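Notes follow the structure.
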Amino acid sequence: MPWTAPRVAYADVARLQEALDCAEPIAWTLVRRGLGDPAAAREFLSADGPLEEPEALAGVGAAADRLAKAVRAGEPIVVHGDYDCDGISSTAILMRALTARGARASAFLPSRFTDGYGVSETTVERLGAEGCRLLVCVDCGTTAVGPLTRAAELGMDTIVLDHHLAGGVRPPGILVNPALGQGVEALPSAAGVVFRVVRALAPRLDGGGLAPAEDDGIDLVAMATVADAVPLTGENRRLVAKGLAAMRGGPRPGIAALCRAARLEPRSISAWALGFQLAPALNAAGRLSHPDRALQLLLADDAETADPIAQELWRLNMERREIEQRMTDEAVAIVEAAPPDERAAGALVVAADGWHEGVVGIVASRLVERYERPAIVISREGDRGKGSGRSVPGVDLHALVSGACGMLARWGGHSGAIGLELPVAAIGRFRSELMAVAEGARAAIARARVRRVDAVVSGADLTLPSAEALEELAPFGRGNPQVRLVLPSAAVDAPGRVGEGGRHLKVRIRAGGGHARAIGFRMGERAAGIDPEGRYDALVGLEVERWQGMVSPKVVVQALDALAPASSPAPGMCAQRCDAACHERAGIRAIRTLMVDGADDPPAPPPAEPPLGIRDRRGQ
């Protein structure tokens, strides 16, 4: 696995380290991420600045006015959400804000299996027949021009609170969507859009001031923001930080119940826990059952109501994991058995009968992790195939599929993920066309395989104080990835497998006079290939692990890149590599003489500038 540490001036690192009085890996990371200015770095690390005014986003004021009017008049309101974490959270935030103020509001979440994605005309007609007069679409609706036009014909007003990319024609009614006026990298989650409207609604109905954070839903904004992989920069970063603080201080009953089901201490909730423990449990309802149960959990008022639902969702999540593992194993087997040209292609397309259509997207992500290229996983049911794709950073999957979409019945998405439907008979041709298009993206795919490293460290740096220092850069996610450290030429020994079915790798890493235990998630198969006598570039993350009152550093292996065995030593050089400074180490002139027989001495270098200072690294 190739890696790179972008070149930066050490003077900038030293200056920032002194200004912030921080650990050196923190300073390297901040400078490499463009935060070498101490003021900018302090602002980033604080993550507690004020939120933007809600009405700075176009349409928020109009949406809040219309909602306030409907609440005062007692008009029937329906909040139409989506079946993923962002859509469910958005629905919960708005429903709690409306019902707490006496609104006649009800929620509708579509089923992935019977209603499909987004707003349908059938749903609109049914809601109209049931008396809806104001239809609010959250995390959907921007492209639902036909269904929302039909809603207007039936006498309904409509509000769309969304963040998805828009087409050329906008739906009728009030539209609040930052995708219409901001760069894609600055977009919030749909829950973030809804949160702005709720903040604008409060003074219109409450006479000023905000309701408690739980009622406003900033905790759910944090979870949706992480789960939907929107960039954790700027306003999004502040929202997640504030939402995590709200959860740790006193989680709502539904979140507390989900933490109990996951055996997670609320005070230790992190962005990682949101993205990989809590949000998947909410998503499991939409993937395997109906999202209504997840909504009921988030709106629960007490533990007695929340606990049974949380246990149900956690069981669904465990079932989802089992299905995911089985499908992933089958998908990997299909890739490994494919013809060489398909196995080596710039994009993978894998299909099988009977795969669960609610899990194909996760399996595509697993293939991307394993093969480091875009992957599309298709479930065949009868003569139709439904699939989902994921991509690697820097490779636009939407653009790739657009060049091979001639056989697709339906498809859509964005640069990192797509969904599609096509006849089973067309899968082979689609694969061939996508492979051909992906040839043009070979360079981008190759670049995506080069992992960016924030700091080069030794084993002595893998300590609890270092982990706590790195935690200051949290919350981590897209746009602010977890800090990646590299231990070059490390010894890796004591390999083993842990977890259910030996899915995970455990090892000991030794480098630079220090050592640490480490775990590599979903890397269990690497255990048999670890050479205790070899050397590896170890790419790791360093976290603080909190469990049952105990706090310790946790080293997470992201990649182990085996180095080529050392060749026979040059005359006069050591036969065994080591990391320590040594009085026998040859100087540059001696090395040059050994390499080039009779070489002239190199010219004298120009006079050096006075050093900034001396740091004694002996013994490190």
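The values are calculated or read from the model by the stated rules, or taken from the named source; none is laboratory data. Note that the coordinates shown come from a computational prediction; the quantities given were computed from them, not determined experimentally. Cβ atoms come from the backbone with ideal geometry, glycine included; neighbour counts cover every protein chain shown. Please note that ligands, DNA and RNA were not included when accessible areas were found on the heavy atoms of the full protein model with its side chains. Shrake-Rupley method; radii C 1.70, N 1.55, O 1.52, S 1.80 Å.
Here are the numbers:
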| read-out | value |
| --- | --- |
| Packing-based ranking, highest mean first, of 264-277, 243-256 given that Cβ atoms within 10 Å are counted | 243-256, 264-277 |
| Rounded to whole Å, sorted largest first: equivalent-ellipsoid semi-axes of the stretch 494-555, Cα gyration tensor | 20, 17, 9 |
| Per-peptide average of other Cβ atoms within 10 Å, ordering 57-68, 106-117 highest first | 57-68, 106-117 |
| Accessible area of the stretch 343-432 belonging to carbon and sulfur atoms, whole % at 1.4 Å probe | 48 percent |
| Rg/Rh for the stretch 63-103, where both radii come from Cα atoms and Rh is the Kirkwood radius | 1.00 |
| Contact order relative to length of the chain, as percent, for alpha carbon pairs under 8 angstrom and 6 or more apart | 10 percent |
| Peptide ranges 538-544, 385-391 listed from the most packed, as the mean C-beta count within 10 angstrom indicates | 385-391, 538-544 |
| Directionally averaged shadow of the stretch 129-168, computed from the convex hull of its alpha-carbon atoms, nm² | 2.9 nm² |
| Nearest 10 degrees, 0 to 90: helix 218-227 Cα axis against the chain principal axis | 60 degrees |
| Contour minus Cα-Cα distance for residue 531 and residue 169 (0.36 nm per residue) | 124.4 nm |
| Computed [θ] at 222 nm, deg cm²/dmol, the chain (DSSP H ≥ 4; -39,500 (n - 2.57); rounded to nearest 500) | -12000 deg cm²/dmol |
| Cα-based radius of gyration of the stretch 394-500 once divided by 2.2 N^0.38 Å, which approximates compact folds | 1.60 |
| Calculated from backbone phi, Karplus (6.51, -1.76, 1.60) coupling profile of the stretch 458-469 in Hz, x at Gly/Pro | 10, x, 5, 7, 8, 10, 5, x, 5, 4, 5, 5 |
| Radius 14 Å from Cβ of residue 494, net charge of other residues (Lys, Arg +1; Asp, Glu -1) | +3 |
| For the stretch 382-456 versus the stretch 247-325, the gap between their alpha-carbon centres in whole angstrom | 31 Å |
| Computed Rg/Rh of the chain, alpha carbon atoms with Kirkwood Rh | 1.01 |
| Spatially proximal aspartates and glutamates relative to residue 386 (Cα-Cα < 18 Å; intrachain offsets below 8 disregarded) | 84, 115, 324, 330, 353, 357, 421, 433 |
| Rounded to 10°, Cα long-axis angle of helix 10-20 versus longest principal axis of the chain | 60 degrees |
| Accessible-area value, residue 89, 1.4 Å probe, nucleic acids and ligands omitted, Å² | 0 Å² |
| Whole-angstrom Cα spans of the stretch 1-130 along principal axes, big to small | 69, 40, 23 |
| Rounded to whole Å, sorted largest first: equivalent-ellipsoid semi-axes of the stretch 196-339, Cα gyration tensor | 32, 19, 14 |
| 10 Å-binned pair-distance histogram of the stretch 62-189 (Cα, whole percent) | 13, 47, 34, 5 |
| For the stretch 185-313, accessible area per residue (1.4 Å probe, heavy atoms of protein chains only), Å² | 33 Å² |
| Portion, in percent, of the accessible area of the stretch 7-81 that falls on carbon or sulfur, probe 1.4 Å | 51 percent |
